[in-house]
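What follows draws every value from the coordinates through simple rules; no lab data is involved. In this text, all values refer to a predicted model and were calculated from it rather than measured experimentally. Cβ: placed from backbone, ideal geometry, glycine included. Neighbour counts: every protein chain shown.
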Amino acid sequence: MSLLHRAGNRLDALRTAAGQARERQRHHRRTSRRLTAEYRAARKAGKAPEHPGPPPTGFSLLPWLLMGMGAFSNLFQGRTPNPWIGGIGLFTFNSLYIYVVFRAFHKEVREAVSTRAALGLMAVVTCGLAIGYGGNWLLFFPLLGLATGAALRLTHLRSVGTAVAVLAGVVSCARDGWSGLNIAYATWISTMVTAAILSLSEAVRELRAAREELARRAVEKERLRFSRDLHDLLGHTLSVIVVKSEAARRLAPRDMAASLAQIADIESVGRQALTEIREAVTGYRDGSLATELDRARSALTAAGIEPSVRQSGPPLVSQAEALLGWVVREAVTNVVRHSGATHCEIAVSGGEDRVRLTVTDDGTGPTPGSASDPATGPAPGIGGTGLKGLTERLATAGGSLAAGPGPRCGFVVRAELPVDAAEPDELTAGRTGA
């Protein structure tokens, strides 16, 4: 019975694994079809990205070994003295060449001591074969230069490349006279051109990768901006609608006129919310601090909280007004939803350099896990999605935001901005890019 039970469990596990494999295959096919459709649509629109193709590897440098076919032909036809030594030298050179060029396309192993040692041994073998045989065997010097350029790239290239070219010239001239200068020139050219082409190819690929990373980050930043705007636009508005709806329901049995007034306010708030959403979508929403203070006063009154609004100081630039308007909206929403307060004071005071906003209530403070609970956020006193987003926005504009329990009771939100605050990049991008 136990054996049958184990077999049944094993069969169930195999069925589960098979089902998961089929699901992965279906997901892979769906993803492939989606990517193919997107690529075809981009090509049709003339916006298909350039595909850089596969990166170069050591195979791209192997055809140059055909330069040694003359030496191999001499060795095969018996025109080379001591053919066993020549054969071993040819095999050793080719092995070292393949070893070096395949390691040259991986930065970690390219700079390893073993690669540099193999390159030095390759130079010794090349000199030995050139001095011993001359003729076609001198063509191994350009191959040595090619391997040197691939392995060193731009690191010490000028000094090492010149040294290899001089070595090739000295050995070639000593073996075949002044015509060996052609070998020196070919060695220097192969070293420099190989290093330049491979370095340029690597730089282009790094630039393309950096461009893709910047594009991905820009998309993430725009998504974050949109989520913040959506929270700030709808969170406060829906809270006001809920509060006024509750007030209208309570007033309806005993005071129909007051209930109808609350319903009219709900209609006005809803229409204003539609307007704000349209403006936000088109990217031209411009907040007004005075408008937000009026809305805050209306929302607090409807919630049964006595408002007190004080404003002093010189007029503010539109960017500072917009940012402080977001703070008023978020802070008042938290007071209405979480504080249980009976009084809320909003104070705006402007100086020569900075403007300060303080929202204070006399409630019981934030409840654990609420949007204003300091314990829910990573920074002390700053909790909830709204306050976190506002903290980042104000910091970008050169300001600061602090939130936490009041000295006696309740909760206090303090915001401070430069009088000439610059608008955050994400807001500017949202308006210009819409």
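Brief remarks follow.
- Cβ-Cβ distance of GLU246 and ILE189, R₀ of 60 Å, FRET efficiency by 1/(1 + (r/R0)^6): the value works out to about 0.10.
- Rounded, prolate or oblate (a/c below 1.5 giving rounded, otherwise prolate when a/b exceeds b/c) for segment 173-274 by Cα gyration tensor: prolate
- For HIS343, distant residues with modelled amide H under 5 Å away: GLU306, ASP362
- Segment 48-155 - Kirkwood radius from inverse mean 1/r over Cα pairs (Å): 14.7 Å
- Label-point separation in nm, LEU181 to ALA264, each point 7 Å along Cα→Cβ: 10.3 nm
- Sorting the segments 409-417, 324-332 by their residues' average number of neighbouring beta-carbon atoms within 10 angstrom, most packed first, yields 324-332, 409-417.
- For segment 165-261, GluC sites (Glu not before Pro) are listed when DSSP marks them as loop and at most 14 other Cβ atoms sit within 10 Å of their Cβ; the list is empty.
- Calculated FRET efficiency, LEU274 to ALA203, Cβ-Cβ distance, R0 = 51 Å: about 0.50 to the nearest 0.05.
- Pairs of Cα atoms farther than 23 Å apart, segment 127-218, %: 37 percent
- Virtual paramagnetic centre 7 Å along Cα→Cβ of GLU212, amide N under 15 Å, in segment 102-117: none
- Extension reserve of the ARG158-GLU220 stretch, reckoned as 0.36 nm per residue once the Cα distance is removed: 18.0 nm
- With a Förster radius of 41 Å applied to the C-beta separation of ARG79 and VAL109, the computed FRET efficiency comes to 0.60.
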